[in-house]
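Nothing in this text is a laboratory measurement; each read-out follows from the coordinates by a stated rule. No experiment lies behind these values; they were computed from the predicted model shown. Using ideal geometry, Cβ is built from the backbone for each residue, glycine included, and neighbour counts are taken over all protein chains shown.
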Amino acid sequence: MIKIENLNFSYKDNSEENEIKSTQALNNLNLSIKEGEFVAILGHNGSGKSTLAKLLNGQIFPTKGDILICGMNTKDEKKIWDIREKCSMVFQNPDNQMVATTVENEVAFGPENLQVKNPELRERVDEAIKLVGMENYKKRSPSALSGGQKQRVSIAGVIAMLSDCIIFDEPTAMLDPQGRNDVMEIIHTLNKKYKKTVVHITHYMEEAALADRIIVLNKGEKALEGSAREVFSKVKEMKDLGLTVPQVTEIAYELEKEGYNFEKLPLNIEEFLELV
Ligand SMILES: Nc1ncnc2c1ncn2[C@@H]1O[C@H](COP(=O)(O)OP(=O)(O)OP(=O)(O)O)[C@@H](O)[C@H]1O
Ligand SMILES: [Mg+2]
């Protein structure tokens, strides 16, 4: 689905007179993501996660190297709309994404841009709204919704575009625990039931623990990669990268130092209880 080859990206900042500064946000990154995979991306602030998301969605383009989305190079201008249709994006702040006056118009915005016409448009919108559990809010103004509800509407928008791959850039960062759970449940359903490829950028280790694979970025480079269990068993490395591991994993890790022996490091409470 996604192939990243020797990717480099620098932001050019020529705001200061006579001096062109550039920030290297990604450095020689290689990565492949398979169809149907659920990949979490972790990394300290400024490690390049959002830059990577924008590159995958064709909002910015590699300084060096290539990104192929289903074989289409994001540098190929003729393919840019196909790429954005295949691989769409949900951002952290739902307010920045809302453009329409009603929930149903909001959800229709993406597919309309892709020239989808009625009756298919209506069907897609209704189905997407149902999938995120917002059918009772169709005629409401998005501005009158809670953060979690707004984020569900944004997700319905990308569902209605029928994108095969959805990139979530910290979609739960601004939500309360209930909103976070709702959004995570929808993301999970999209991956497991609807077979969408998911790239989930997050600062919540418990969310990353649900992924098939975790990639940890540090200063624009891949620092760690593996299954949740592989990555989270590297407690010291994660801490050195300014990150944590799920709370239960850390407790088990500390208990091991005290002589307690776990068969494997638990990733959630259920596993922890089974192992003690
Ligand atoms: N528009 C921009 N212009 C110049 N530099 C930028 C711009 N956006 C990001 N950067 C720089 O690029 C680097 C990577 O930023 P990026 O936003 O990708 O990090 P991130 O991993 O998403 O961080 P966070 O966890 O805070 O969201 C940082 O050093 C940042 O300061
Ligand atoms: Mg970011």
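Here are the numbers for this structure:
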read-out: Anchor Lys222: lysines whose Cα lies under 19 Å away (excluding residues fewer than 8 positions away in-chain); value: Lys3, Lys34, Lys49, Lys54, Lys64, Lys234, Lys236, Lys239
read-out: The range 226-276: Rg to Rh, with Rh as the Kirkwood radius over Cα pairs; value: 0.95
read-out: C-alpha center-to-center spacing [the range 174-193, the range 147-163] in angstrom; value: 11
read-out: Packing-based order for 50-59, 158-167, 264-273, using average beta carbon neighbours within 10 Å, highest first; value: 158-167, 50-59, 264-273
read-out: Burial ranking of peptide ranges 128-141, 197-210 (average Cβ count within 10 Å, highest at the top); value: 197-210, 128-141
read-out: Mean Cα-pair separation over length for the range 108-220, i.e. relative contact order, pairs under 8 Å, 6 or more apart, %; value: 25
read-out: The chain, relative contact order [Cα under 8 Å, separation at least 6], %; value: 21
read-out: Normalised contact order of the range 187-276, rounded percent, pairs of Cα under 8 Å and 6 or more residues apart; value: 20
read-out: The chain - Rg and Dmax from Cα coordinates, angstrom; value: 19.9, 65
read-out: Cα centroid separation - the range 213-276 against the range 72-96, whole Å; value: 33
read-out: Gained length - Lys138 relative to Glu35, 0.36 nm times residue gap less alpha-carbon distance; value: 33.9 nm
read-out: Rule-of-thumb Rg ratio for the range 55-97 [Cα; 2.2 N^0.38 Å; N residues]; value: 1.22
read-out: Fully extended contour minus Cα-Cα distance, from His188 to Glu263, at 0.36 nm per residue; value: 24.3 nm
read-out: Pairwise label distance in nanometres, Asn93 with Asp176, each label 7 Å out on the Cα-Cβ vector; value: 2.1
